[in-house]
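Engineer: Could you have a look at this structure, given as structure tokens, before my questions?
Derivation of every value follows stated rules applied to the coordinates shown; laboratory data play no part. Keep in mind the model is a prediction, meaning the values are calculated, not measured. Ideal geometry is used to build each Cβ from the backbone, glycine not excepted, and the neighbour counts take in all protein chains shown.
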Amino acid sequence: MSLNLKNFINSVEHRNACEPEFLQAVTEVVEDLIPYINEHRQDLIDLKILERMVEPERVISFRVAWLDDNNQIQVNRGYRVQMNSAIGPYKGGLRFAPDVNLSILKFLAFEQVFKNSLTGLPIGGGKGGSDFDPKGKSDNEIMRFCQSFMTELQRHIGAETDVPAGDIGVGTREVGYLFGQYKRLQNNFTGVLTGKGIHWGGSYIRPEATGYGLLYFVQCVLDYNSESIEGKTISISGAGNVAYYAAEKAIQLGAKVITLSNSQGTIYDPEGFTLERLQHLGSLGRDLKDYTSKYASSSFHAKQNPWQFPCDIALPCATQNEINAEDAKKLVEQGCKIVAEGANMPSTAEAIKIYLQAKINFGPGKAANAGGVAVSGLEMSQNAIGQQWSPEKVDHRLKLIMENIHKTCVRFGKEPNGYINYLKGANIGGFIKVAEAMKAQGVV
């Protein structure tokens with residue numbers, strides 16, 4: 001007996017109608033897994049491991065009613081997708097954004113299962129959030145929303161059950177309000193959330209972790225090919241934490257970062273950002289175009305992405321499906337050698353096919369941006385033993401984790417011609433550990 005790829009995808013699509021992001025994520029994974037399972041792991045077919053992995057263990061949806069500053073009642077929808085707990089408690093961020101829906105959260109939770117497995121830490125996969133938009137809201141409105149959100153969520157999470165973190169729209173401020181409400185309702189101080197403030201259970205290097213980890217992964221790719229990052233030209237999309245700290249680490253390592261962007265457009269500085277220039281850009285908030293008034297070498301390209309500018313390395317750090325087939329072709333034509341994803345699924349399926357056909361070194365998000373959840377897992381460890389590790393120790397552990405992820409990708413992704421298919425390696429490497437745990441635990 002064997003799995004049929006087309007029939008499997010059709011079945012998932014039938015059971016998850018109108019969920020394009022989730023179907024895209026599943027398709028990307030099973031295109032690698034089904035051939036591998038058919039050839040190497042017949043035992044997993046009878047156990048229907050893959051069929052069980054694409055079905056969340058639990059999906060929670062709830063109403064979030066709260067009062068705005070005008071004493072008007074507002075109503076949002078909250079979610080928690082608890083995807084897979086075979087290797088540890090559910091772990092994954094909370095996203096507050098107006099486009100949040102079940103399809104997006106299921107795709108993120110599914111990706112999180114593989115990402116968390118690759119870190120080597122004992123954490124399962126989950127994701128949650130709300131269609132609440134924190135932009136333009138006062139601190140008090142955000143606090144009241146977070147308190148209402150946690151009043152419902154608290155009955156479904158715990159330090160040994162499900163440990164949420166931050167994501168888009170959920171930073172230290174929001175985590176603080178969520179944690180405070182959980183503590184008040186449960187009457188205990190426990191590591192139920194990660195991304196906490198440094199003085200109340202948080203970990204050093206957590207804000208920087210995804211961006212730093214991304215560059216550590218890129219370093220591994222270059223080292224494997226006997227190259228150095230020094231002098232390489234890097235294009236980065238986004239201007240949030242991931243993009244900012246990816247740029248910071250790249251500059252520290254001697255690379256030349258030429259772009260950052262947001263929804264308004266792209267800043268292009270052919271001279272390259274220095275740490276001083278990067279700090280200035282970070283102080284501008286969303287008004288990136290104001291950077292050009294201080295640095296004449298730069299230009300602002302309204303409503304355009306960074307992929308038009310020649311680079312050696314592209315780091316998409318903004319949002320899903322930001323690089324389409326046309327962008328990917330442009331990157332290939334201009335000589336880009338590495339694409340490593342700082343965001344979750346920022347490349348469309350068509351773009352990924354172009355990378356692989358061109359033999360670009362493509363680091364998928366589940367591998368390349370695992371640094372954030374890795375340090376969240378380290379925060380859980382610190383909370384469990386009542387310690388706080390130094391920034392140097394956390395950074396060292398982060399680097400080791402990213403190096404081990406790279407080794408896993410090479411192990412499972414090396415093709416007969418020597419090309420490393422990092423996507424295939426990450427998919428299979430992340431799957432094996434979870435599948436073995438599910439097999440050992442029986443039909444649950």
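Engineer: Between residue 173 and residue 388, 0.36 nm times their residue separation minus their Cα-Cα distance comes to what?
Structural biologist: That works out to 75.4 nm of additional length.
Engineer: Nearest 500 deg cm²/dmol is fine: what mean residue ellipticity at 222 nm does the chain get from its DSSP H runs of n ≥ 4 alone, each adding -39,500 (n - 2.57), divided by its residue count?
Structural biologist: Theoretical 222 nm ellipticity from helices: -14500 deg cm²/dmol.
Engineer: In region 58-186, what is the count of Lys pairs whose alpha carbons are under 27 Å apart, counting only pairs at least 8 residues apart or on separate chains?
Structural biologist: Summing the qualifying lysine pairs gives 15.
Engineer: Taking Cα pairs under 8 Å and at least six residues apart, what relative contact order does the chain come out at, in percent?
Structural biologist: Relative contact order for the chain comes out at 15 percent.
Engineer: In region 313-356, which residues have a backbone nitrogen under 17 Å from the label point lying 7 Å from residue 419's Cα in the Cα-to-Cβ direction?
Structural biologist: Within reach of a label on residue 419, which here means backbone N under 17 Å from a point 7 Å along Cα→Cβ, region 313-356 contributes 328-340, 349-356.
Engineer: Still on this structure, please answer the following. Provide the net charge surrounding residue 15, with neighbours chosen by a C-beta distance below 14 Å and charges set as Lys +1, Arg +1, Asp -1, Glu -1.
Structural biologist: Neighbour charge sum, excluding residue 15 itself: -1.
Engineer: Please list the three semi-axes, largest first and in whole Å, of the ellipsoid equivalent to the chain, using sqrt of 5 times the eigenvalues of its alpha carbon gyration tensor.
Structural biologist: Whole-Å semi-axes of the equivalent ellipsoid: 31, 30, 21.
Engineer: Moving to a separate point now. Could you work out which residue, out of 317, 18, 220, moves most in a Gaussian network model of the chain, that is, has the largest mean-square fluctuation with Cα springs under 10 Å?
Structural biologist: With Cα springs under 10 Å in the chain, the top fluctuation among 317, 18, 220 is at 18.
Engineer: Next question. Can you work out ³J(HN,Hα) from phi for every residue in region 69-81, in order, using Karplus 6.51 cos²θ - 1.76 cosθ + 1.60 and θ = phi - 60°, giving whole Hz and x for Gly and Pro?
Structural biologist: Using θ = phi - 60°, the values come out as 5, 9, 6, 9, 6, 10, 10, 10, 10, x, 9, 9, 9 Hz.
Engineer: Specify the inter-centroid distance of region 343-395 and region 107-155, based on alpha-carbon positions, in whole Å.
Structural biologist: If you average the Cα positions of each part, the centres end up 17 Å apart.
Engineer: Roughly how many debye, to the nearest 20, is the charge dipole of region 209-368 about its Cα centre, given +1 on each Lys and Arg Cβ, -1 on each Asp and Glu Cβ, and no other charges?
Structural biologist: Roughly 160 debye for region 209-368.
Engineer: Something else now. How large is the translational diffusion coefficient of region 235-379 in µm² per second when you combine the Kirkwood radius over alpha carbon pairs with Stokes-Einstein at 4 °C and 1.567 mPa s?
Structural biologist: 85
Engineer: Let me ask you something else. Show which aspartates and glutamates lie in cross-link reach of residue 48 when reach means a straight Cα distance below 16 angstrom and same-chain residues fewer than eight apart are skipped.
Structural biologist: Hits, sequence-local ones excluded: 39, 57, 436.
Engineer: Order by neighbour count: 11, 203, fewest other Cβ atoms within 10 Å first, most last.
Structural biologist: 11, 203
Engineer: Which one, 39, 57, 21, has the greatest fluctuation when you compute a Gaussian network model over the chain with C-alpha springs under 10 angstrom?
Structural biologist: 39
Engineer: Under a crude label model (7 Å from the Cα following the beta-carbon direction), how far is residue 152 from residue 133 in nanometres?
Structural biologist: 2.0
Engineer: Each label point is 7 Å from the Cα along the Cα-to-Cβ direction; what then is the distance between the points at residue 77 and residue 14, in nm?
Structural biologist: Result for the modelled spin labels: 2.5 nm.
Engineer: Which residue, 198, 73, 104, tops the fluctuation ranking in a GNM of the chain built on C-alpha contacts under 10 Å?
Structural biologist: 73
Engineer: Here is a follow-up. Sort 46, 223 by Cβ crowding within 10 Å, fewest neighbours at the top.
Structural biologist: Going from least to most buried by this count: 46, 223.
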